[in-house]
1. Would segment 86-104 turn up any residue that is within 20 Å of residue 16 (Cα to Cα), modelled with pLDDT of 85 or more and buried (at least 19 other Cβ atoms within 10 Å of the Cβ)?
2. Got a number for residues in segment 389-409 being surrounded by fewer than 17 Cβ atoms within 10 Å (Cβ to Cβ) and either farther than 17 Å from residue 297 by Cα or out of contact with any Lys or Arg (no Cβ under 8 Å at 6 or more places or on another chain) (or both)?
3. Checking residue 231 against (1) part of a helix (DSSP H, G or I); (2) in contact (Cβ under 8 Å) with a residue 40 or more places away in the chain; (3) more than 18 Å from residue 426 (Cα to Cα), only one condition comes out false. Which one?
4. Give the residues of segment 4-20 that are hydrophobic (A, V, I, L, M, F, W, C), at pLDDT 95 or above and surrounded by 15 or more Cβ atoms within 10 Å (Cβ to Cβ), sorted by residue number.
5. What residue, among those in segment 267-291 that are outside any loop (DSSP other than H, G, I, E, B) and of a type in the set (A, V, I, L, M), is farthest from residue 309 (Cα to Cα)?
6. State all residues of segment 247-267 that are more than 19 Å from residue 450 (Cβ to Cβ) and buried (at least 21 other Cβ atoms within 10 Å of the Cβ); if no residue qualifies, say none.
7. If we scan segment 119-134, do we find a residue that is closer than 12 Å to residue 71 by Cα, surrounded by 16 or more Cβ atoms within 10 Å (Cβ to Cβ) and in contact with a Phe, Trp or Tyr (Cβ under 8 Å, 6 or more places away or on another chain)?
8. Across segment 401-454, which residue is nearest to the chain's Cα centre (by Cα) among those that are among the hydrophobic types (A, V, I, L, M, F, W, C), in the same structural domain as residue 355 (by TED's automatic domain parsing) and in a helix (DSSP H, G or I)?
Amino acid sequence: MDPSDIIENRTFDEIAVGESASISRTLTKDDIALFAVVSGDVNPAHLDESYAASDMFHRIIAHGMWGGALVSAVLGTRLPGPGTIYLGQDLHFRKPVGLGDTITVTVTAKEKRPEKRIVIFDCCCVNQNGEEVITGTAVTMAPTEKTRRPRVALPEVELLRHDRYAQLIAQCAKLEPIPTAVVHPCDRTSLEGAVRAAEARLIVPLLVGPEAKIRSVAAAEGIDIGAYEIVVAEHSHEAAAKAVALARTGKVEALMKGSLHTDELMHAVTAAESGLRTARRISHAFIMDVPNYPDPLIITDAAINIFPTLEDKRDICQNAIDLAQVLGFKPPKVAVLSAVETVTEKIPSTVVAAALCKMADRGQITGGLVDGPLAFDNAVSEEAAQTKHIVSPVAGKANILLVPDLEAGNMLAKQLTYMSKADAAGIVLGARIPIMLTSRADNLRTRMASAAVAVFLAHARRQGAPAAPAPG
């Protein structure tokens, strides 16, 4: 067995005054986050790297406590080691410890007191520049029995971060909130989501639906809607029709789905004469924040087009690329998914994928890199793509996944949500205005992110960004 896999203590009788032991460790963002989770200390001075320098003292305390924990680690695993009882400490935090600093902790036996097996240690923590950051003493009761055993492996801990949505919402601070028709907000979730988006200055909501029911929900749930206009509609069908009419007249720049069925809203949106159709196929995109994936991930179409044709998929692809450009993807990289990465007539989705790639080559799809067919692993894992000897600017680095059909896309999005703890903000594309197609299962963070995406799309249209062509 490797000696590094063995942990062995030093008994009271074995310890000699002047004996020392050390460990080194580099402070990471995960260390600080884990400290916050375990301690409950969410002081922004510890967690927010942009926090003012005037609060550096608090950073010394927080990161000093991390250094103090390293002192405990040396005493408990090296000297004296297993069986040690930590009785007290007197530590002084001399300098701040920052992300990326490598701290070496050394404890040196200073004094032994046989009556209670007390050993007092001098403690010194220095950074990579040799500067003392923590000094002091620690008091321990050393073990009497010798212990030598395999080192216990630390459990693997995965921190799930959902900071991409926070960044997206924060970027909307410089943009005006957009007037938005909230269609039939007659339950707590949809009404609260609209109000919270308004309070965050993402939208200016017009609440479209039965006034008495909306006010009843607001009163029962303690939601203040006094500042918001109510457009009266007797039922959900009328609410959808009136919301679409508001969009056609330019009074609103986005729609937000409330507590009505998706098909009710989309029936009004897609109506031939009175709807919001363009010449392009309407499609849906999930903008997903997957904690263990390095980039935001757009999945399309997982909510509207059940079995899209080749022409439908061309529009679905172009809609997603246009969205990605507005959100700042440079460049948008589209992986056209199938079960395999080779073209075979036995799997029609591979033939469609190949056709889409050629359409991109000939300028029928613009603004992004398109490759396929690609299996899911080859689309998101560079290692998997290299194993299959796939040479592609998209393989392993995709930020748009174009799925074969709605069933595949819906399952993929929900697997990422429930198995990988991803968030999935949804938006409808290809209509005259963005449509937030929220789900009853969406949390508040996801609803806010959907609103932020709509804000970016609406402002891009104001500034003359390429939009879906007019119908006919």
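1. The answer is no; no qualifying residue exists.
2. Result for segment 389-409: 4.
3. Among (1) part of a helix (DSSP H, G or I); (2) in contact (Cβ under 8 Å) with a residue 40 or more places away in the chain; (3) more than 18 Å from residue 426 (Cα to Cα), the lone unmet condition for residue 231 is (1).
4. 12, 15, listed by residue number.
5. Checking each candidate, the answer is 288.
6. none
7. Yes: one or more hits.
8. Ranking the qualifying residues of segment 401-454, first place goes to 416.
The values are calculated or read from the model by the stated rules, or taken from the named source; none is laboratory data. All values derive from a computational prediction rather than experimental measurement. We place every Cβ from the backbone using ideal geometry, glycine too, and count neighbours over all the protein chains shown.
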